[in-house]
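> Supplied in structure tokens, the structure appears directly below.
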Amino acid sequence: MEPTADEYRDALSRVVASSTFRSSPKLAELLSYLVDQKLSGHGDRLKGYPIALDVFGRGDDFDASSDSIVRVQMTRLRKALIEYYAGDGAGDPCRIVVPRGSYAPVLESVAKSAPVTEGEAPDAQPGTVGPPDAPRNEDIVQSSSALNLRRRSWGLLAALALAASLVIIYWPGSERDGVLVRAGEMPEGPIVYVAPYALTGSDPSIARVRDGLQFDLINYLSQLPNLAVLALHDRQPAAKAASLRKAASPIFVLQGAIDGAGGSLRISSSLVRMPGGVVVWSGRSDPIAYDPEQILKAQSKIALGVASRLGQPYGVIHETMRHDLENHRGLGMERYFCELEAYEFMRSRGKGQLGKVKDCLERAVYDKPNYSNAWALLSWVHAYEAQAQGIGDSPEALEAARRAVAANATNAVAYQYLALALYRHGEDDAAREAIGRALEISPNHSEVLANAGRILGALGDHEVAPTLTRKAIRLNPGHPAWYWSGLALDALYRKDGPEALRYGRLGVEDGGLMSRCLLASAYALEGQVKEAREVLEAAARAYPGVPRDRRRLLEELRFPAFAIEPLEAQGLLDN
């Protein structure tokens, strides 16, 4: 028997009055719209395009291939309904279900419907798993990248990306949780500070080689278990290292020099035990040409020399370096410099540089489709561009991150950007698995740890998230300001106003949109409405492309509900 309109409205009123939906008014509006349209006989309106216009305020030029707002919000709605009926709504006589692959709500009596879980289709038999969502023509995302000219190579990468995604999806949760717990533990072994190498010679290009050398050495050495690897930004590393940390663990400084002259480089390295300044290992490369393959070979020797001297297993480093050498083989120095320039932009956010960096990375992956690091950095660039326009989900960022993982399944940075893209895409479970993989590969990589703290904190893993963030900060005393955002999120969740304000002020030095919103929320939590409004207004001036509707902006960026609440309570979303 078909449920009556009164039964639909009664079920709807119960849902939207719950705490789950009061904290997510946009989801309540979406569900109300779906039910009203069905009861009004406007079933033809229950499609992505009209929903985007009527609920989310998109214009007539809305294109589902470049704007996934409807799909993302429908995923959140289904999860919110599951949460409600597992808690406050457990005793409701009827349940509203939005079957996957459809936007039309269905009302089911409790007697006829079994509890719905995220991995099961609404009409699946107990113990069976329903099929994945059927693709909707209007929601199929097609890449707009001009790089699809090399379809044969990229087809292989796409297949590998699918295989990698299946590995992530079916990684047992208990194993992932164990990795997250272990990742939060400080390593018990030696501490290695990687200092910027000194420069000699007149060629200006060696400065970029130095930056890349430091980054790669930290990346590879941080894959060693029980080895804490930190970056030094001081030009007198030995003295600085002794003052940075006094600990029972042995302290070492990896330092050296790069001599560039006559079209070639020579890299000298030494590992110094502190205190005392005793050199326990040293090495010097043969003269090498300005060639990424030769430079990476020199980096490999340095990393392996340090690892072997410290008595650590170095098979992972050796395998990773071998893989990177294969990916870089035949790559010109111009393309390798694209990677280094991208890292420089990530640090400095130089005005007018983004377009140049993006173009360079796109040419690099066109020339070398299995260039994992370039794909990973391109994912970050796409996400940065989208966020500057107030767009949370970037299909281009997700596609590039998947290609990065497909090109090198041992690249923790690739998994890190995949996790960020998946989170913004609304695939929360897959995001957890991806960041777990990154931590499994590089448990002591400070950037991976800091992003893990932000992602898991936003997803509600409040026990492990702040631990990972604090470890990232301890491992990298010269870290970027955005590292603090993980602790700001944690303080907002705990409703600790002074702590949220402290970490929010530290994090806002990053200048990012999310960091500014976190600080505004912290001010609002403390009742400092004027200061919160000023921060939001400054953010709007700094990012003129974002929507003026603050509520819509924060929901689009997937700002956690607990961080939105202080702003809503102070009336700061009604602009």
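The values are calculated or read from the model by the stated rules, or taken from the named source; none is laboratory data. From a predicted model like this one, the values you see are computed outputs, not experimental measurements. Here the Cβ is made from the backbone with ideal geometry for all residues, glycine too, and neighbour counts use every protein chain on show. Side chains included, ligands, DNA and RNA excluded: accessible areas come from the protein's heavy atoms. Shrake-Rupley method; radii C 1.70, N 1.55, O 1.52, S 1.80 Å.
> Of all residues in the range 265-281, which are out of contact with any helix residue (DSSP H, G or I) (no Cβ under 8 Å at 6 or more places or on another chain) and modelled with pLDDT under 80?
R273, G276, V278, V279 - these are the residues of the range 265-281 that are out of contact with any helix residue (DSSP H, G or I) (no Cβ under 8 Å at 6 or more places or on another chain) and modelled with pLDDT under 80.
> For the range 1-107, give me every one of the helices (runs of 4 or more DSSP H) that falls completely inside it and has 2 or more residues that are in contact with a strand residue (DSSP E or B) (Cβ under 6 Å, 6 or more places away or on another chain) and more than 29 Å from A383 (Cα to Cα).
5-16
> If I filter the range 282-309 down to residues being farther than 19 Å from V229 by Cβ and of a type in the set (V, I, T), which single residue comes out as modelled with the highest pLDDT?
Among residues in the range 282-309 that are farther than 19 Å from V229 by Cβ and of a type in the set (V, I, T), the one modelled with the highest pLDDT is I288.
> Taking the range 474-504 only, how many residues are assigned to a helix (DSSP H, G or I) and either modelled with pLDDT of 90 or more or surrounded by 23 or more Cβ atoms within 10 Å (Cβ to Cβ) (or both)?
So the count comes out to 21.
> If you go through the range 438-453 one residue at a time, how many are in a helix (DSSP H, G or I), surrounded by 24 or more Cβ atoms within 10 Å (Cβ to Cβ) and out of contact with any strand residue (DSSP E or B) (no Cβ under 9 Å at 6 or more places or on another chain)?
Counting residues in the range 438-453 that are in a helix (DSSP H, G or I), surrounded by 24 or more Cβ atoms within 10 Å (Cβ to Cβ) and out of contact with any strand residue (DSSP E or B) (no Cβ under 9 Å at 6 or more places or on another chain) gives 9.
Conditions tested, residue by residue: (1) among the aromatic types (F, W, Y); (2) under 19 Å from L513 (Cβ atoms).
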position: A412; (1), (2): no, no
position: Y423; (1), (2): yes, yes
position: D428; (1), (2): no, no
position: E440; (1), (2): no, no
position: S446; (1), (2): no, no
position: L459; (1), (2): no, no
position: A472; (1), (2): no, no
position: G497; (1), (2): no, no
position: L501; (1), (2): no, yes
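> Continuing with this model, one more query. Mind checking whether some residue in the range 340-357 is buried (at least 23 other Cβ atoms within 10 Å of the Cβ), at pLDDT below 90, touching a Leu at 6+ places or on another chain (Cβ under 9 Å) and more than 27 Å from V72 (Cα to Cα)?
Yes, the range 340-357 has at least one match.
> Being open to solvent by 40 Å² or more (accessible area, probe 1.4 Å) and among the aliphatic types (A, V, I, L, M) is true for just one of A28, A86, A52, A64. Which residue is that?
Checking each option against the conditions leaves just A86.
> So, one more: What's the total number of residues in the range 511-537 that are polar (S, T, N, Q) and either surrounded by 20 or more Cβ atoms within 10 Å (Cβ to Cβ) or under 22 Å from the mean Cα position of the chain (by Cα) (or both)?
2
Results for (1) in contact with a helix residue (DSSP H, G or I) (Cβ under 7 Å, 6 or more places away or on another chain); (2) within 30 Å of I218 (Cβ to Cβ), shown as yes or no for each residue.
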residue: D490; (1), (2): yes, yes
residue: K495; (1), (2): yes, no
residue: P498; (1), (2): no, no
residue: A540; (1), (2): no, no
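> OK, next. Within the range 383-397, which residues are part of a helix (DSSP H, G or I) and either open to solvent by 10 Å² or more (accessible area, probe 1.4 Å) or among the basic types (K, R) (or both)?
Correct list: A383, Y384, E385, A386, Q387, A388, P395, E396.
> Here's something else I'd like to know. Output the residues belonging to the range 538-553 that are exposed (fewer than 13 other Cβ atoms within 10 Å of the Cβ) and part of a helix (DSSP H, G or I).
Of everything in the range 538-553, just one residue is exposed (fewer than 13 other Cβ atoms within 10 Å of the Cβ) and part of a helix (DSSP H, G or I), namely R541.
> Now a separate question. Of the residues G453, G426, G390, which single one is out of contact with any Ser or Thr (no Cβ under 9 Å at 6 or more places or on another chain) and of a type outside the set (S, T, Y)?
Of G453, G426, G390, the one residue that is out of contact with any Ser or Thr (no Cβ under 9 Å at 6 or more places or on another chain) and of a type outside the set (S, T, Y) is G390.
> Further question: Residues in the range 459-473: is at least one in a helix (DSSP H, G or I), at pLDDT 90 or above and within 20 Å of L377 (Cα to Cα)?
Scanning the range 459-473 turns up no residue that is in a helix (DSSP H, G or I), at pLDDT 90 or above and within 20 Å of L377 (Cα to Cα).
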